[in-house]
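A quick write-up on the structure given underneath.
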Amino acid sequence: MLFYSTSRQSPLVDFREATVRGQAPDGGLYFPERIPEFDAAALKRLKKLKAADLGVEVLKPYVGDTIGEEALYEICAHTLNFPIPLLEVNDTISVLELFHGATLAFKDVGARFMSRCLGEFAKGSDQKITVLVATSGDTGSAVANGFLGVEGVEVIILYPSGKVSAVQELQLTTNGQNIKALEVMGTFDDCQRLVKQAFSDEEIRKELFLTSANSINVARWLPQQVYYFMAWQQWEESEPPVISVPSGNFGNIAAGLLAMKSGLPVKHFVAACNSNDVFTRYLQTGKFEAHKAQATISNAMDVGLPSNFVRILEMFGGDYDAIRKAISSYSLSDVETKEVMKRVYEQVGYLLDPHGAVGYGALEQYLRDAGGKGLFLETAHPVKFNGVVKETTGVEPELPEEMEALLKRTKQSVAMEPDYESFKTYLKKG
Ligand SMILES: *Cc1c(COP(=O)(O)O)cnc(C)c1O
């Protein structure tokens, strides 16, 4: 299987090349040249598979011969090493809990898969791969954890000092080994700017083999399809589910749509957004217009220009009406999000994080209009956002046992002013 760039000005590449490059040289996103199809007989077989085997079946067509089947199985087993249960919240709404992984967010799936793929690709080369990541919290911790101990790959994480939660900071800075944390005395935008500058610095690129681990990378995007299949394995209704996805950069929902295009039974998708509602407005008006990201309590979804929108266009051949038939979208304010968190806790005792609450609220609105039953993706554990969860519901979410050890570790970071010369000096020292 080859991948083309959505901007169509770059050569076709295989999975290996697409993973190592991240973004196509013309600035587009890589997209598979054809979408694999699972017919009824294939689906019947997939229905019974264990997570790792399911992962192999879903991902093999994309990976092609760039990774052997045994190695792919090992990678899938490593990636999907935590439970992803589908639970009933009430009569019409179920939740797919994606937060039982190492850093308590759904990004663990993509980050773990990508890290092992890069590790596999680094084996054949004598040059070390350096992964640069700017993070506002969740991405960096999932990437750090996923890449820990992967040979031939070094990870440098840039995070804004004082702007990530205490748990997140420990997740970023206490890994050691091949993971380095840079504490930038500035904002997330500063971190992103430094990373971008390094990527366009010829001198640095001659010395270091740089790649990024952001969410547009195919090796982070494609494995997310697998848990949509896992949700379907656990879905017991005769009619397929409506699926609501808390969305920011739209990588997660775009993976679900791709799975549906492959034959996965889904009735309808709901793109659940906070007040960053570029996509919601696109469905209303047909116009896709960027706006400046607004800060909300579901901050991993504070995106002003969802980068995976082009992939959604690609899947539907740019047909606006077809997109509207497959996807609905709702935008919730912080006030509405908190109302959902409080009400769901009081009514059924289920504790939502703010991102999952947006997913629940949007699904509820859709089902009210259209009827039927559905599920939403809970993308983070409430403990990651314990401040707002406690303030809204009065309940202090409990830290899972395996996380307790984290609190005892010591932060190790290199402090850095947000200027490029300091960053460059750091990179050159290796
Ligand atoms: C990253 C993230 C999202 C948004 O996912 P996208 O794939 O960017 O749409 C939602 N919730 C949480 C908790 C996240 O970390």
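We did not get these values from a lab; they are worked out from the coordinates using the rules stated. Here the structure is a predicted model, which is why all the values come from computation and not from measurement. When we count neighbours, we look across all protein chains shown, and the Cβ atoms used for this are built from the backbone with ideal geometry, even at glycine.
Quick rundown of the values:
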quantity	calculated
Percentage relative contact order, the chain, counting C-alpha pairs under 8 Å, at least six apart	17
Total charge dipole magnitude, the chain, about the Cα centre, Cβ charges on Lys, Arg, Asp, Glu only, Debye to nearest 20	460
Restraint check, LYS180/LYS408; LYS123/LYS411; LYS390/LYS411; LYS128/LYS428; LYS107/LYS424, Cα-Cα greater than 22 Å	LYS123/LYS411; LYS390/LYS411; LYS107/LYS424
Helix-only mean residue ellipticity at 222 nm for the chain, each DSSP H run of n ≥ 4 adding -39500 (n - 2.57), per residue, nearest 500	-13000 deg cm²/dmol
Centre separation in Å (Cα based) which lies between segment 1-77 and segment 413-430	36
Computed E for LEU2/ARG343 - FRET, C-beta separation, R0 45 angstrom, nearest 0.05	0.40
Residue order, fewest to most beta carbons within 10 Å, for LYS384, LYS180	LYS180, LYS384
Relative packing of peptides 219-231, 294-306 - highest average C-beta neighbours within 10 Å first	219-231, 294-306
Listed residues ILE253, VAL348, SER298: farthest to the positive end of the dipole of the chain (Cβ charges)	ILE253
Restricting segment 132-232 to GluC sites (Glu not before Pro) in coil, as DSSP defines it, with at most 12 other Cβ within 10 Å	GLU151
Euclidean distance of C-alpha centroids, segment 197-254 and segment 259-322, integer Å	14
Antiparallel bridges, percent of DSSP beta bridges restricted to the chain (to nearest 5)	20
Difference of contour (0.36 nm per residue) and Cα-Cα distance, THR285 to SER125	52.7 nm
Surrounding net charge for LEU170, when Lys and Arg each add one and Asp and Glu each subtract one, Cβ distance under 9 Å	+1
Rg and Dmax of segment 378-430, Cα atoms only, in Å	18.0, 49
